[in-house]
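Asker: What follows is a single structure, and I will ask about it in a moment.
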Amino acid sequence: MKRPLIVVLNGPNLNMLGLRQPDIYGHATLDDVEQVCIQAAERLDVAIDFRQTNGEGELVSWVQECRGRASGVVINPAAYGHTSIALLDALHAIECPVIEVHISNIHRREAFRHHSYVSQAACGVICGLGVRGYAHALQAMADIIEDEG
Ligand code: CA2
């Protein structure tokens, strides 16, 4: 039987992970995050499509492409979570569950990071658990997909 597809989307500057600010984001690179996701997907018997972009429009287009293709979306919108109504609108328009991930605990940081537009479209939010948050998000998404039958 075909494995359900979970699309894992990453927003701006996440390609810089591991290169700067290890006190906030740890030492893992984006390649390491992808490996965490690949291993979790193998364990959970789901397929993943892992992507990163610095462009808001590209991120919106990738979300739109999930419609009818993906069984679930895990997204670290990075700074666009705090700013982008366009991204929120795109996430509202797809008909699959969304889980938002942030590596850092955005609520322990500057006030402008405390609000995320994306959270309004998400069935769950994971933040502050480091890159392991992606594995937890994939586990939760696999459970949701199975429950939906
Ligand atoms: O904690 C997270 O995962 C964030 O989504 C990361 C974003 C930040 O804007 C959000 O508030 C929280 C930043 C992406 C990574 O930015 C870096 C910049 C320089 C060096 C390393 C990472």
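The values are calculated or read from the model by the stated rules, or taken from the named source; none is laboratory data. As the structure is a computational prediction, the values presented were derived from the model and not from experiment. Methodologically, a virtual Cβ is constructed for each residue, glycine included, from the backbone with ideal geometry; neighbour enumeration extends over all protein chains shown. Side chains are part of the model used for accessible areas, which takes the heavy atoms of the whole protein and leaves out ligands, DNA and RNA. Shrake-Rupley method; radii C 1.70, N 1.55, O 1.52, S 1.80 Å.
Asker: With every protein chain present, what is the per residue accessible area of the chain (1.4 Å probe, Å²)?
Answerer: Per residue, the chain has an accessible area of 52 Å².
Asker: For all pairs of alpha-carbon atoms in the range 95-149, what percent lies in each bin of width 10 Å, listed from the first bin to the last filled one?
Answerer: Taking every Cα pair in the range 95-149, the percentages come to 23, 50, 22, 4, 0.
Asker: A further question follows. Could you please tell me the mean projected area of the C-alpha convex hull for the range 43-149, averaged over all directions and given in square nanometres to one decimal?
Answerer: Taking the Cα atoms of the range 43-149, their convex hull projects to 6.5 nm² on average.
Asker: Give me the percent of accessible area attributable to carbon and sulfur for the range 49-149, probe 1.4 angstrom.
Answerer: Using a 1.4 Å probe with all protein chains present, the range 49-149 comes out at 47 percent carbon and sulfur.
Asker: Right, another one. Using a Gaussian network for the chain with springs between C-alpha atoms less than 10 Å apart, which of these wobbles most: Cys96, Cys123, Cys37?
Answerer: In this elastic network of the chain, the residue with the biggest mean-square fluctuation among Cys96, Cys123, Cys37 is Cys123.
Asker: I've got another one for you. Could you tell me what % of all Cα pairs in the range 16-95 have separations over 16 Å?
Answerer: Of all Cα-Cα distances in the range 16-95, 59 percent exceed 16 Å.
Asker: Determine the sum of side-chain charges near Ala121: Lys and Arg each +1, Asp and Glu each -1, restricted to other residues whose C-beta is under 12 angstrom from that of Ala121.
Answerer: -3
Asker: Enter the Cα centre distance for the pair the range 1-16 and the range 20-40, rounded to the nearest angstrom.
Answerer: 13
Asker: Take the Cβ-Cβ distance between Met1 and Arg67 as r, set R0 to 25 Å, and report the resulting FRET efficiency rounded to the nearest 0.05.
Answerer: Step by step, r from the Cβ atoms, then E = 0.65.
Asker: Give me the distance in nm between label points sitting 7 Å out from Cα along the Cα-to-Cβ direction at Ala47 and Asn15, one decimal.
Answerer: 2.6
Asker: What residue among Ile85, Ile94, Ile48 has the largest mean-square fluctuation in a Gaussian network model of the chain, using Cα springs under 10 Å?
Answerer: It is Ile85.
Asker: Where does the charge balance sit around Leu91 when Lys and Arg score +1, Asp and Glu -1, over other residues with C-beta under 14 Å from its C-beta?
Answerer: -4
Asker: On full extension of the chain, what length is gained from Arg109 through Thr29, given 0.36 nm per residue of separation minus the C-alpha to C-alpha distance?
Answerer: 26.7 nm
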